[in-house]
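Asks: A single structure is presented below for examination.
The values are calculated or read from the model by the stated rules, or taken from the named source; none is laboratory data. The model shown is predicted, which means the values in this text are computed figures rather than measured ones. Cβ: placed from backbone, ideal geometry, glycine included. Neighbour counts: every protein chain shown.
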């Protein structure tokens, strides 16, 4: 399961990397040629990945880590911090 999810993460990252500059240009209202098939493929890949992760992996992780409440809190914090902007200064 972990190998599958890791491979899917890498695939989705590669798909996004090809589209990122064009999508950012669209967000700035710039005129660009947007490969709609590539966008659709990315959306499908991400949706399928997220569904699998939510239906199978996360419940299993909760069962395993839920044995100790601190482990689930640490996982939640870790996932949150991955998306947080980098902080400036020292803590």
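Asks: From the residues in segment 24-45 that are touching a residue at least 12 places away in the same chain (Cβ under 8 Å) and in a helix (DSSP H, G or I), which one is surrounded by the most Cβ atoms within 10 Å (Cβ to Cβ)?
Replies: Step one: list which residues in segment 24-45 are touching a residue at least 12 places away in the same chain (Cβ under 8 Å), which gives 34-35, 38-39, 41-42, 45.
Next, from what is left, pick out any that are in a helix (DSSP H, G or I): 38-39, 41-42, 45.
Details: 38: 14, 39: 15, 41: 14, 42: 19, 45: 15.
Step by step, filter segment 24-45, then rank; the result is 42.
Asks: Mind listing whichever residues of segment 46-68 are modelled with pLDDT of 90 or more and either surrounded by fewer than 11 Cβ atoms within 10 Å (Cβ to Cβ) or at positive phi (or both)?
Replies: Once the filter is applied, which keeps residues that are modelled with pLDDT of 90 or more and either surrounded by fewer than 11 Cβ atoms within 10 Å (Cβ to Cβ) or at positive phi (or both), segment 46-68 yields 47, 51, 54, 55.
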